[in-house]
1. Return yes when LEU245 is more than 16 Å from the ligand (Cβ to nearest atom), in contact (Cβ under 8 Å) with a residue 12 or more places away in the chain, hydrophobic (A, V, I, L, M, F, W, C) and assigned to a helix (DSSP H, G or I) and no when it is not.
2. Pull up region 212-237, narrow it to residues that are over 24 Å from SER178 (Cα atoms) and of a type outside the set (A, V, I, L, M), then point me to the one that is nearest to the ligand (Cβ to nearest atom).
3. State the number of residues belonging to region 248-270 that are within 16 Å of the ligand (Cβ to nearest atom), part of a helix (DSSP H, G or I) and closer than 15 Å to LEU309 by Cα.
4. Check off (1) surrounded by 19 or more Cβ atoms within 10 Å (Cβ to Cβ); (2) more than 16 Å from the ligand (Cβ to nearest atom); (3) more than 23 Å from LEU230 (Cα to Cα) for ASN331 and give me the number that stays unchecked.
5. State whether one or more residues within region 125-134 are buried (at least 21 other Cβ atoms within 10 Å of the Cβ) and of a type outside the set (A, V, I, L, M, F, W, C).
6. Quick one: which residue in TYR298, TYR322 is touching a strand residue (DSSP E or B) at 6+ places or on another chain (Cβ under 7 Å), over 24 Å from LEU232 (Cβ atoms) and either aromatic (Phe, Trp, Tyr) or away from the ligand (no atom under 16 Å from the Cβ) (or both)?
7. Of all residues being of a type outside the set (Gly, Ala, Ser) and part of a loop (DSSP other than H, G, I, E, B) in region 199-217, which is farthest from ASN187 (Cα to Cα)? Just the residue, please.
Amino acid sequence: MAMALATLFLVFLAFTTVVNSCPPSDRAALLSFRASLTEPYLGILNTWTGSECCRNWYGVSCDPTNGRVADITLRGESEDPIFEKAGRSGFMTGSISPSLCNLDRLHTLVVADWKGISSEIPACITSLPHLRILDLIGNKLTGPIPAGIGQLSRLTVLNLADNQLSGSIPPSIVNLGSLMHLDLSNNQLSGEIPTDIGKLSMMSRALLSRNQLTGSVPSSFTRINRLADLDLSMNRISGSIPPQLGSMPVLSTLNLDSNQISGEIPAGLLGNGGLNIVNLSRNSIEGRMPDVFCSKSYFSVLDLSYNNLNGWIPKTISNARYVGHLDLSHNHLCGSVPLGVPFDHLEASSFAANDCKP
Ligand SMILES: *[C@@H]1O[C@H](CO)[C@@H](O)[C@H](O)[C@H]1NC(C)=O
């Protein structure tokens, strides 16, 4: 009995030692990652000292089952008291070192909102098989999105927004079978959106605004049943709006504004009761406004301004349950501000600059 207890105790000891230790190779990778960064204001990287990287190293945590470094979470905008004490948000310069790629048990890599980190994204990052979250938003990263990104089969979040990434969206991206959240907004990405983007069947948010993307809206987006938020605004996208967007089960936000989209508004789109933010402003959309509004129509935003719509503002629009922000200005529409409760708060500017072409 005593023997068994002693053994148990030893096993326990060994286990806790594993939990608290930091494998020397992980520690070396972290230190080399730190060495290529400069964080002058908060001193958070000064906590990265000593041998126990799993304890008290700011933003680092380990997997308790194997003692390996599993998460690096460094956010430059944070509620953490360190930021409050310093009275400022974070700032870092330097680069993201490829030494990170030695952390082959990494699940989470968040290096977000440091504003000044200016390297390329190390291509070897695509060989981290356990990576689930890659969030590098709000830096000054340049160069391409690594071509092999599609190898990250467990990735659920890919957020590279607000950087200076260029090149095209790698075709391999459609292989990210677990991806739920894609945000590449506000970069300098060019080329076309992969036509088979619809293979990303788990995706609920696809945010690609403020780039230089060309080509048309891939109709395969409409196969993604979980897609709730599609934002392709402020690009150079042309062609017409895929009609099937109107029959997507959970799509609630559709921003296609400031592109070169032509053709007509598919009737099903505005008749889809689930869509409640629609911005098609500043395109070359023509034809009539579909007469499909009903008591299920509930729009927080319906902005169709700066297009070539003509004909009468549909009467059914007064059937809508709610229209928060309606902008039909700068078209060739006929008619006037609809009457009734849903429209009482709207200003005349919502209808300004329409030279009626029936
Ligand atoms: C719709 O998009 C236009 C052009 O990109 C923008 O100016 C406008 O503010 C947007 N409308 C709303 C209500 O957000």
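1. yes
2. SER233
3. Counting residues in region 248-270 that are within 16 Å of the ligand (Cβ to nearest atom), part of a helix (DSSP H, G or I) and closer than 15 Å to LEU309 by Cα gives 1.
4. Unmet condition: (2).
5. Yes, region 125-134 contains at least one residue that is buried (at least 21 other Cβ atoms within 10 Å of the Cβ) and of a type outside the set (A, V, I, L, M, F, W, C).
6. TYR322
7. MET202
The rows are residues; the columns are (1) under 21 Å from LEU109 (Cα atoms); (2) under 16 Å from the mean Cα position of the chain (by Cα).
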{"position": "LEU155", "(1), (2)": "yes, yes"}
{"position": "ASN175", "(1), (2)": "yes, no"}
{"position": "SER216", "(1), (2)": "no, no"}
{"position": "ILE237", "(1), (2)": "no, no"}
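A short reminder: the numbers here are calculations on the coordinates, not readings from a lab. Predicted, not measured: the structure shown is a model, and the values here were computed from it. Cβ: placed from backbone, ideal geometry, glycine included. Neighbour counts: every protein chain shown.
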